[in-house]
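Q: If you scroll down you'll find the structure; I have some questions about it.
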Amino acid sequence: MAVSDFQRLSLQNLESTESFYLALAGLLADQLDLDVSPEAVWNPQRAPNMNFQRFLCREVLGKIHGHLVWGLDEVDRLFGCKFGSEVFGLFRSWHNNRALDPSGPWSRLTLAIAYATEAHLFITDVNQSPFNVGTRVELEDFTFNQVMDLNERHGSPLHNEIELRRFHQLLGGQPYLVRRALNELSAGNVGFETLVANADRDEGIFGDHLRRILVMLARDANLTEVVRGILEGRPCPDAASFYRLRSGGLIQGDSLQEARLRCEIYASYLKRHLR
């Protein structure tokens with residue numbers, strides 16, 4: 001088994017497809033203790049995708065015995081890269097190769113990709129996405145009782161049921177928001193009233209997360225209009241937008257008519273910025 005944490009990659013590693021693949025190949029070779037330098041087997045006449053695929057097939061799968069489970073963590077970093085879709089398309093092709101050649105080398109490779117739900121907002125071509133194939137394990141929103149349990153595990157920074165219910169109403173059980181808030185509260189970095197007052201503000205503890213959502217929407221004018229309509233009380237106009245927004249973790253609901261923003265701070269933040 002190998003695990004590659006994309007947070008370890010530098011900005012230089014993310015400058016181009018070539019630099020990214022070389023960095024990823026180097027990390028993989030080091031972790032598996034393979035006596036090979038990616039640069040030594042790289043052919044500048046080949047496309048980056050082909051070089052990396054040949055490296056993985058020949059220098060990794062060709063030199064290890066048995067099955068390789070390769071964990072890819074924090075792949076969200078690729079969403080903002082201009083070559084991100086190309087990389088994800090390559091990952092998807094390996095999955096397809098397993099079906100086309102069950103006895104081939106790709107049958108010995110399993111990718112375990114950890115990512116935020118926003119992936120569905122970045123990748124519009126479902127046939128190029130590795131996120132809609134294989135087995136998907138989704139972390140659902142925390143229930144009120146689960147938030148209560150997490151609060152106790154953090155030393156009960158939310159002191160009573162009133163604060164717990166306001167906290168759950170504000171964040172809707174969204175896992176990242178809940179854990180981030182409880183960590184900040186338990187560490188004494190912010191008080192409950194301050195957290196509530198600034199939760200949907202750029203200067204609040206969720207500012208980076210909220211701006212990320214706004215940037216994602218700005219890349220797709222159609223989705224932006226759909227969200228604006230939902231904020232104004234209109235139903236989601238089409239199934240494709242509904243699926244992308246719900247899979248992307250931005251809205252919830254069981255039908256186009258029931259579509260609504262996932263939590264209170266998403267609604268208030270986007271209502272202010274999409275007016």
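The values are calculated or read from the model by the stated rules, or taken from the named source; none is laboratory data. Nothing here was measured: the structure is a model prediction, and the numbers come from that model. Cβ coordinates were reconstructed from backbone atoms using ideal geometry, including for glycine residues, and neighbour counts include every protein chain displayed.
Q: Please determine whether any residue of the range 213-223 is within 27 Å of THR143 (Cβ to Cβ) and surrounded by fewer than 16 Cβ atoms within 10 Å (Cβ to Cβ).
A: Looking for residues that are within 27 Å of THR143 (Cβ to Cβ) and surrounded by fewer than 16 Cβ atoms within 10 Å (Cβ to Cβ), one finds none in the range 213-223, hence no.
Q: Contact list please: Cβ distance under 7 Å, first residue in the range 10-35 and within 13 Å of CYS81 (Cβ to Cβ) and in the same structural domain as LEU78 (by TED's automatic domain parsing), second residue outside any helix (DSSP H, G or I) and polar (S, T, N, Q), pairs at least six apart or on different chains.
A: SER19/GLN12; SER19/ASN13; PHE20/ASN13; ALA23/ASN13; LEU24/SER4
Q: Quick check on this structure: which one of SER103, SER85 is hydroxyl-bearing (Ser, Thr, Tyr) and surrounded by 15 or more Cβ atoms within 10 Å (Cβ to Cβ)? Even if it seems obvious, please write down each step before you answer.
A: On the way: SER103 fails: surrounded by 15 or more Cβ atoms within 10 Å (Cβ to Cβ).
The unique qualifying residue is SER85.
Q: Here's a follow-up. One residue is enough: does the range 167-182 have a residue meeting the conditions part of a helix (DSSP H, G or I), out of contact with any Asp or Glu (no Cβ under 6 Å at 6 or more places or on another chain) and farther than 17 Å from THR143 by Cβ?
A: yes
Q: Can you tell me which residue among ARG58, ARG46, ARG8 is surrounded by fewer than 18 Cβ atoms within 10 Å (Cβ to Cβ), under 22 Å from GLY104 (Cα atoms) and of a type outside the set (A, V, I, L, M, F, W, C)? Before the answer, list the steps.
A: Numbers: ARG46 fails: under 22 Å from GLY104 (Cα atoms); ARG8 fails: under 22 Å from GLY104 (Cα atoms).
Result: ARG58 is the single residue among ARG58, ARG46, ARG8 that is surrounded by fewer than 18 Cβ atoms within 10 Å (Cβ to Cβ), under 22 Å from GLY104 (Cα atoms) and of a type outside the set (A, V, I, L, M, F, W, C).
Q: For GLY207, all conditions in the list (1) within 27 Å of the chain's Cα centre (by Cα); (2) at pLDDT 95 or above; (3) small (Gly, Ala, Ser) hold save one; what is the number of the exception?
A: The single condition GLY207 does not satisfy is (2).
Q: Among the candidates PHE192, PHE167, PHE206, PHE242, single out the residue that is of a type in the set (A, V, I, L, M, F, W, C), closer than 21 Å to TYR115 by Cα and free of Cβ contacts under 8 Å to residues at least 40 places away in the same chain. Outline the logic, then answer.
A: Working: PHE192 fails: closer than 21 Å to TYR115 by Cα; PHE167 fails: closer than 21 Å to TYR115 by Cα; PHE206 fails: free of Cβ contacts under 8 Å to residues at least 40 places away in the same chain.
Selected residue: PHE242, the only one of PHE192, PHE167, PHE206, PHE242 that is of a type in the set (A, V, I, L, M, F, W, C), closer than 21 Å to TYR115 by Cα and free of Cβ contacts under 8 Å to residues at least 40 places away in the same chain.
Q: To continue, here is another question. Check SER255 against each of (1) outside any helix (DSSP H, G or I); (2) surrounded by 14 or more Cβ atoms within 10 Å (Cβ to Cβ) and name the one condition it does not meet.
A: Every listed condition holds for SER255 apart from (2).
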